Amino acid sequence: MSNILEKIKILKKQKNAIILAHCYQPVEIDKVADYVGDSLYLSQIASRTDADIIVFAGVYFMAQTAKLLSPNKKVLLPQIEAGCRMADMLSHRQLKEFLAQHPSLPTVCYVNSTAEVKAECDICCTSSNAEKIVKSLGKSKILFVPDTYLGKWVEKQLGNVEVITYPGFCPTHLQIRPQDIENARNKYPEALILAHPECHMSVSSIADYVGSTAGIMKFVEKSKDKTFVIATEQGVTDRLKRDYPNKNIIPIKSNLICPNMKMTSLEDILHVLETEENEIFVDKDIAQRAVRCLDRMLEVSK
Ligand code: 13P
Ligand code: SF4
């Protein structure tokens, strides 16, 4: 193990590379990561870095987003097969059909989407800034793709914007049912229940806090409470257990994993650093249009 960690460290230095890791990655990836966080944080880092190579320990849309924001850098995805099942639910054609059904409305696009989809939308958002982004448009009616639950969550929070959503969802978060929350409340009455906004509304509406992966981690860090039930992917639970051994961190269910996020290994990271395989490319015309959507988001999120 220490051998592989050492090799990755040396190659990072030799090649002026950085490793970005999403909080759903296997927890051992943090041993080599320069930055660990949620989608917004990692895209902000990708837009600012001086590194020549970005190794993105995450899923395809995240590496593609890094490439859009840093077009002159080499972006490598350790496992080229690692996709996002929600992003796969909305093709360019499906988006065009959806837009045609609701003409002339501004469209907000969750970052969990392809560059082709981003290229057709007005502004991007992540789970940590979705409310702020929708509000910034100053409209009473908008379209939101592809996550119906994040879109509906934002609608509920804002109260004065009608959000018409595309019926996409995250199969990992939809495994969490309201009954799981009720069971957790009965078993751990002292616990606070923290959920990701990709959960079904019947779950997020009864949680004590709803926020992005980084939002959940920050909540635990700042809270004086001791017991937390975590309703999101296991990577967050694993990191919280590691970082707060004196707090009681309980997963809402066992094995709540995103299979794509768990594909990455340290060996894959070493392999792409050695060979520079799995480079991400985006068609120039699509990239030019898609990056506008991301730039607008970063401007509003400053
Ligand atoms: P975050 O915005 O919290 O990083 O979430 C990304 C994601 O894919 C959650 O499923
Ligand atoms: Fe996509 Fe869900 Fe995996 Fe996030 S957890 S990357 S939304 S499939």
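Readers should treat all values here as calculations from the given coordinates under stated rules, not as data from a laboratory. As the structure is a prediction and not an experimental result, all values here were calculated from the model. Counting neighbours? That spans all protein chains shown, and the Cβs are built from the backbone with ideal geometry, glycine included.
Residues that are more than 16 Å from ligand 2 (Cβ to nearest atom) and either surrounded by fewer than 18 Cβ atoms within 10 Å (Cβ to Cβ) or closer than 21 Å to GLN234 by Cα (or both): does segment 53-63 have at least one? Steps first, answer last, please.
Within segment 53-63, the first condition is being more than 16 Å from ligand 2 (Cβ to nearest atom), and the residues that meet it are 53-55.
Going one step further and asking which of them are either surrounded by fewer than 18 Cβ atoms within 10 Å (Cβ to Cβ) or closer than 21 Å to GLN234 by Cα (or both), we end up with none.
Looking for residues that are more than 16 Å from ligand 2 (Cβ to nearest atom) and either surrounded by fewer than 18 Cβ atoms within 10 Å (Cβ to Cβ) or closer than 21 Å to GLN234 by Cα (or both), one finds none in segment 53-63, hence no.
Considering only segment 1-97, give the helices (runs of 4 or more DSSP H) lying wholly within it that have at least 1 residues that are under 23 Å from VAL291 (Cβ atoms) and of a type in the set (D, E, K, R).
Of the helices (runs of 4 or more DSSP H) lying wholly inside segment 1-97, those with at least 1 residues that are under 23 Å from VAL291 (Cβ atoms) and of a type in the set (D, E, K, R) span 39-48, 60-69.
Which one of GLU116, GLU131, GLU155, GLU162 is under 16 Å from the mean Cα position of the chain (by Cα) and among the charged types (D, E, K, R)?
It is GLU131.
Considering each residue of segment 256-294, count those that are under 15 Å from GLN25 (Cα atoms) and more than 16 Å from ligand 1 (Cβ to nearest atom), and give that number.
5
Is at least one residue of segment 250-271 in a helix (DSSP H, G or I) and either loosely packed, with under 15 Cβ neighbours inside 10 Å or on the phi > 0 side of the Ramachandran plot (or both)?
Scanning segment 250-271 turns up at least one residue that is in a helix (DSSP H, G or I) and either loosely packed, with under 15 Cβ neighbours inside 10 Å or on the phi > 0 side of the Ramachandran plot (or both).
Would you say PHE56 is of a type in the set (Phe, Trp, Tyr) and in contact with a strand residue (DSSP E or B) (Cβ under 6 Å, 6 or more places away or on another chain)?
Spelling it out, PHE56 is indeed of a type in the set (Phe, Trp, Tyr) and in contact with a strand residue (DSSP E or B) (Cβ under 6 Å, 6 or more places away or on another chain).
Among the residues of segment 113-171, what is the count of those that are in contact with a Cys (Cβ under 9 Å, 6 or more places away or on another chain) and either in a loop (DSSP other than H, G, I, E, B) or basic (Lys, Arg) (or both)? Quick ask: steps written out before the conclusion?
Taking segment 113-171 first, the residues in contact with a Cys (Cβ under 9 Å, 6 or more places away or on another chain) are 113, 117-125, 131-134, 143-147, 149-150, 153-154, 170-171.
Applying the additional criterion that residues be either in a loop (DSSP other than H, G, I, E, B) or basic (Lys, Arg) (or both) yields 113, 118-122, 132, 146, 170-171.
Qualifying residue count, segment 113-171: 10.
In segment 140-168, what residues are within 18 Å of GLU97 (Cα to Cα) and touching a His at 6+ places or on another chain (Cβ under 8 Å)?
LEU143, ILE164
Looking only at residues in segment 103-120 that are within 16 Å of ligand 2 (Cβ to nearest atom) and of a type outside the set (A, V, I, L, M), which one is surrounded by the fewest Cβ atoms within 10 Å (Cβ to Cβ)?
Here the answer is THR114.
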